[in-house]
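A.B. asks: Let me give you the structure first, and then I'll get to my questions.
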Amino acid sequence: MSQSRHIVIIGNGISGVTCARNLRKLDSGARITLISGESKYFFSRTALMYVFMGHMKFEHTQPYEPWFWEKNRIDLKEAWVKQVDFEGKSLLFSSGEKLAYDALVIATGSKPNKFGWPGQDLIGVQGLYSKQDLELMEKNTQSGVQRAAIVGGGLIGIEMAEMLAYKKIPVTFLVREKGFWDNVLPKEESELVSRHIREHHIDLRLETELKEILSDSNGRVRAVITSIGEEIPCQFVGLTAGVTPNIDFLRNTVLQVNRGVKVDEYFQTNIPDVFAIGDCAEFEKPPAADRRNIEQVWYTGRMHGETLAYNLCNKPVPYRPGVWFNSAKFLDIEYQTYGTVPPTWDESQVKSFYWEHASGKVCFRMLMNSSGQILGVNNFGFRLRHELMDRAIREKWSGGKVMARLKHANFDPEFFAPYYIEIQNAFKTEIGGHFHLAKKSFIQKLFGASV
Amino acid sequence: MKGIEKLGLGLFLIGLIVFLIIPFLGTYTLSEDLVLAKTKDIHQEKMAEILEPMYGKEYGSSFSFLAAFGENFGTYNDQLKSQQLWDQVIWDDYSFALAFSALQSPVRENPWLYFGLSIGLAVLGGFLYNFRQYQNEPAGIKNNGIFHSSLKNKGLIGMLTGSFLILFYVVLYWFPAYLVNLVWMVSPISEILSGNPASQWFLYGLIYTLAIIVMGIRMFRKYRGNKYQQLRTASVMFFQTAFAFLIPEILVLLNQPYFDFKNIWPLDYDFFYDYQISAFLSGGGVGMFMLIWGILLIIVGVPVFTYFFGKRWYCSWVCGCGGLAETVGDPFRQLSDKSVKAWKYERVIIHSVLVLAVVMTVVTIANYFSGFSFLGNVTNQLHSFYGFAIGSAFAGVVGTGFYPFMGNRVWCRFGCPLAAYLGIVQRFKSRFRITTNGGQCISCGNCSTYCEMGIDVRWYAQRGQNIVRSSCVGCGVCSAVCPRGVLKLENGPEENRINDLPIIIGNDSIKINL
């Protein structure tokens, strides 16, 4: 490949870093610069909560030691980009410095949504996305917070609630929807999570919106008013009603943007040699039927970076994500999903099988099409094997075949309760099918946990 | 902290303080009869003469007694040494035996009372503190605040704890004569088990076992809901109590050789020493069984079990050092160094110790079969060097004393020759691996942070690669702390155990022909 082309990546999150790493693997000659004002070294954004709760130090969230970047000749530039001169192919930093590029990758991620609530910029009101947000949250919750309110029931909201619980700060959790995260989770799963949130003594208020944030005389939050007019005294407010592409510095330029930077399926923007990946990219059309125009997940960011790096060094291929997967952890309950499980479905087209353990903390759902082939699964409180579920969905296994192999799909540690036997049993009763129930091994019978 | 936990902590601290005060109690009076009774025939006459100035004098503390002993005894030896009369020098160290018998103290009079007030209170307090931890919380990962803790994140309390442990080990190994009160205190227990008075090693074994049990209870609470952790904790508690502590003592009671059936050469570095071999050979059928059992463990047990289960079958389910690390050491697991640099040091040091242990043993055996004509003196020098540098300083002082500084597996990771041997088998011929669950890793770093062996688990997991590392002891904590269900300890076919995924599962854009 070209000997000295300079590829500049704005943003050192998972998309930008994956892109840089794969570029280096494919092209040993290119000059690669990775820019971030947030943090010199790449860190795992999803792990910020663990730093707050004392599970890790910030440096533990950095997947690569400092020598890694030097060894792979990836230049790190700690600066904020103020402006891009697309015609002159150069960047202007807030320091006044400039940097020329041959190819530009925009991977600037997201920022927390703010919907124009009165008082949203008061002291003690914040989102949680960046390293700076974490530092701010540590400062904001250091003392004098008797209660906190969290607005918006998504993954960051529940993380924030868990973080505040660590500091023994009582939390009121305002969620607009009827059920927790019910724009993603079906009713039963949403209820399962809601119950668990309450088990942790978090005051979860469903179908409740934020109307206004009230200030004390020092410009600090003192209370929130909800949509039903209730005033809840609180000294900290977390705004976690989703995120939006972080591209303000690119608006009103020749670059075509909408909510995010507009790209085609090759991550190509309207300007040659300028690309966008990760949270900040907006596809002209969704990359697959069950996908959205903007993909704001760790895993998709990684795939974007992987694919674009390949495209910058080879004959470009269109971005084709495979079977969808995702995971999260709600306080103590782990969640994984493989394939397509929307919150609601047309019952004439889609058959749902749902099993829940008596504890109310473990469940499994499988959706099948009208011919009984698997579309996707949700599993809570136990783990499933990605490779096997990916294959099952890709090869359109029948529900019965999935059940027959459920023991092999199980990814829980050894000696854990074999929930799969109960699931198989329930499937046989409700749906039927010709498969044998898995048997406990002798060792499992002797020492293992029981369901 | 609730009332009962505060009470527990209070009792533990009182017990600890009493334990620390006990060595300073009582007086020491030496008589000729005692000296004659406690020294070897060949030294009796000489020792009785050397120590004559001390007879009948009452020394108020172990310090003054041992100072006087050192002065008299040292003067005699130094004189001989300066005249190079090496064969007349008395090399035996009688300080412990003489201090032990010269002691008059309330502890010696009332051992059970002092035992109750020190170790008893500490154990009771530890139990009360631990037995209902997290009672009103759902089961789950309990790592809150670890890096905000002074004890667990190298703060002042951590430094003090580490210094205390180091001091304890130094005194235990090299100055046990200062601990005779404590040894008298546990002597009645030793009498019950083996019919013999206690030694400092019995004292150590007792404390070690009790510590594993009390902190094992903590593990049961901390990892509630995680059967793997529960079972392996129960396993190390059992093997320590039964195999390392009780059975060897009972064997002595039955007039059989003292033997720990689960200790394996080269961790058990003196297994092939001449005095061990003669103990086995003179031990009749039982002794012969011990010898064969020990050799079978080395040449069959280690490779076969490690092939099927990985080295975890030993390191985190059976081993005594592992047992202490996994219970008492668990609060410090996050302090291990994860850098590549540390890994480089680890490989050089641990394999050097293995080579040293093997060379020493080969020389010992050659010497034995040549009727002690081959390198006779060198063997002894090697033994004393190894015993001092590796057996005591590395495994004991550094291995445990450094828990609060470098994590709970310093010895297992950098020093244990058996771990090195198990690790070679695990790396090259085993069905064990930690499977990475496709593309689910989010690089958060919990796995690497809580890996006691300092393995950068995330390095592999975020690439979708399985983790196959010689040092992994299979504690399973990476799998437990992973928030996305990415890691699973498994035994499976060797094929594809080490995998490489250029494109992580879930991305169909790029087709690569492998």
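Every read-out reported here was derived from the displayed coordinates using simple, explicitly stated rules and does not represent laboratory data. What you see is a predicted model, and the numbers here were worked out from it, not measured in a lab. For neighbour counting, all protein chains shown are included, and Cβ atoms are generated from backbone atoms with ideal geometry for every residue, glycine included.
A.B. asks: Among residues other than residue B:227 whose Cβ falls under 12 Å from its Cβ, what is the net charge (Lys/Arg +1, Asp/Glu -1)?
C.D. replies: 0
A.B. asks: How many percent of Cα pairs in segment A:9-163 exceed 22 Å?
C.D. replies: 51 percent
A.B. asks: So, one more: Could you give me the ³J(HN,Hα) list for segment A:301-313, computed from phi with Karplus coefficients 6.51, -1.76, 1.60 and θ = phi - 60°, whole Hz, x at Gly and Pro?
C.D. replies: Rounded to whole hertz, the list is x, 5, 5, 4, x, 4, 6, 5, 4, 4, 5, 6, 10.
A.B. asks: While we're looking at this one, here's another question. For chain B, which DSSP H helices look membrane-span-like by this rule: Cα extent along the axis of 24 Å or more and mean Kyte-Doolittle of at least 1.6?
C.D. replies: B:3-21, B:156-174
A.B. asks: Moving to a separate point now. Run the lone-cysteine check on chain B: no other Cys C-beta under 4.7 Å from the residue's C-beta.
C.D. replies: B:315, B:319, B:321, B:412, B:416, B:441, B:444, B:451, B:472, B:475, B:482
A.B. asks: If r is the Cβ-Cβ distance from residue A:97 to residue B:355 and R0 is 56 Å, what FRET efficiency results, to the nearest 0.05?
C.D. replies: 0.55
A.B. asks: Here is a further query. Pairs A:25/A:262; A:187/A:285; A:25/A:71: which are spaced more than 20 Å apart, C-alpha to C-alpha? Don't skip to the answer; put the middle values down first.
C.D. replies: On the way: A:25/A:262 27 Å; A:187/A:285 29 Å; A:25/A:71 12 Å.
From A:25/A:262; A:187/A:285; A:25/A:71, over 20 Å: A:25/A:262; A:187/A:285.
A.B. asks: While we're looking at this one, here's another question. Give, rounded to the nearest 20 debye, the magnitude of the charge dipole that the protein assembly as shown has about its Cα centre when Lys and Arg contribute +1 at Cβ and Asp and Glu contribute -1 at Cβ.
C.D. replies: For this selection, approximately 2400 debye.
A.B. asks: Given a Förster distance of 60 Å, report the FRET efficiency between residue B:82 and residue B:157 from their Cβ-Cβ distance, rounded to the nearest 0.05.
C.D. replies: E between residue B:82 and residue B:157, to the nearest 0.05, is 0.80.
A.B. asks: Further question on the same structure: Mind sorting A:411, B:289 by how few other Cβ atoms lie within 10 Å of their own Cβ, fewest first?
C.D. replies: B:289, A:411
A.B. asks: What residues qualify as long-range amide H neighbours of residue A:376, i.e. H under 5 Å apart, gap of 5 or more or another chain, H built at 1.01 Å from N?
C.D. replies: So residue A:376 has HN proximity to A:340, A:367.
A.B. asks: Taking amide H atoms as placed 1.01 Å from N in the peptide plane, list the residues 5 or more away in sequence, or in a different chain, whose amide H sits under 5 Å from that of residue A:111.
C.D. replies: A:244, A:246
A.B. asks: Further question on the same structure: Using DSSP to define loop residues, name the GluC sites (Glu not before Pro) in segment A:350-402 whose beta-carbon has at most 14 other beta-carbon atoms within 10 Å.
C.D. replies: Loop-located and lightly packed - A:395.
A.B. asks: Set the Förster radius R0 to 45 Å, insert the Cβ-Cβ distance between residue A:314 and residue A:446 as r into 1/(1 + (r/R0)^6), and round the FRET efficiency to 0.05.
C.D. replies: 0.25
A.B. asks: Sum up the charges of everything whose Cβ sits under 11 Å from the Cβ of residue A:394, counting Lys and Arg as +1 and Asp and Glu as -1, but leave residue A:394 out.
C.D. replies: Combined, the nearby Lys, Arg, Asp and Glu give -2.
A.B. asks: Between residue B:307 and residue B:36, what length in nm is gained on full extension when 0.36 nm per residue of separation is reduced by their alpha carbon distance?
C.D. replies: 92.0 nm
A.B. asks: Could you state the number of Å between the C-alpha centres of segment B:77-104 and segment A:171-213?
C.D. replies: Rounded to whole Å, the Cα centres lie 77 Å apart.
A.B. asks: Oh, and also: Please turn the phi angles of segment A:336-341 into ³J(HN,Hα) values with the Karplus equation 6.51 cos²θ - 1.76 cosθ + 1.60 (θ = phi - 60°), one per residue in order, whole Hz, x for glycine and proline.
C.D. replies: 9, 9, 10, x, 9, 10
A.B. asks: Rank the residues B:271, A:115 as a footprinting-exposure proxy: fewest other Cβ atoms within 10 Å of their Cβ go first. Walk me through the intermediate numbers first.
C.D. replies: Numbers: B:271 22, A:115 12.
Ascending Cβ contact count within 10 Å gives the list A:115, B:271.
A.B. asks: Among A:40, A:178, which comes first, then next, by fewest other beta-carbon atoms within 10 Å?
C.D. replies: Fewest-to-most Cβ neighbours within 10 Å comes out as A:178, A:40.
A.B. asks: Distance in nm between label sites at residue B:496 and residue B:61, each 7 Å beyond Cα in the beta-carbon direction?
C.D. replies: Output for this residue pair reads 6.9 nm.
A.B. asks: Amide H of residue A:76 versus every other amide H placed in the peptide plane: which residues, excluding those fewer than 5 positions away on the same chain, fall under 5 Å?
C.D. replies: A:34
A.B. asks: Where Lys and Arg each count +1 and Asp and Glu each count -1, what net charge lies around residue A:427 among other residues with Cβ under 14 Å from its Cβ?
C.D. replies: Result for the neighbourhood of residue A:427: +3.
A.B. asks: While we're here: In whole Å, what three semi-axes, largest first, describe the equivalent ellipsoid of the protein assembly as shown built from its Cα gyration tensor (square root of 5 times each eigenvalue)? Please list the in-between numbers first.
C.D. replies: Working: eigenvalues 717, 191, 176 Å².
Values for the protein assembly as shown, descending: 60, 31, 30 Å.
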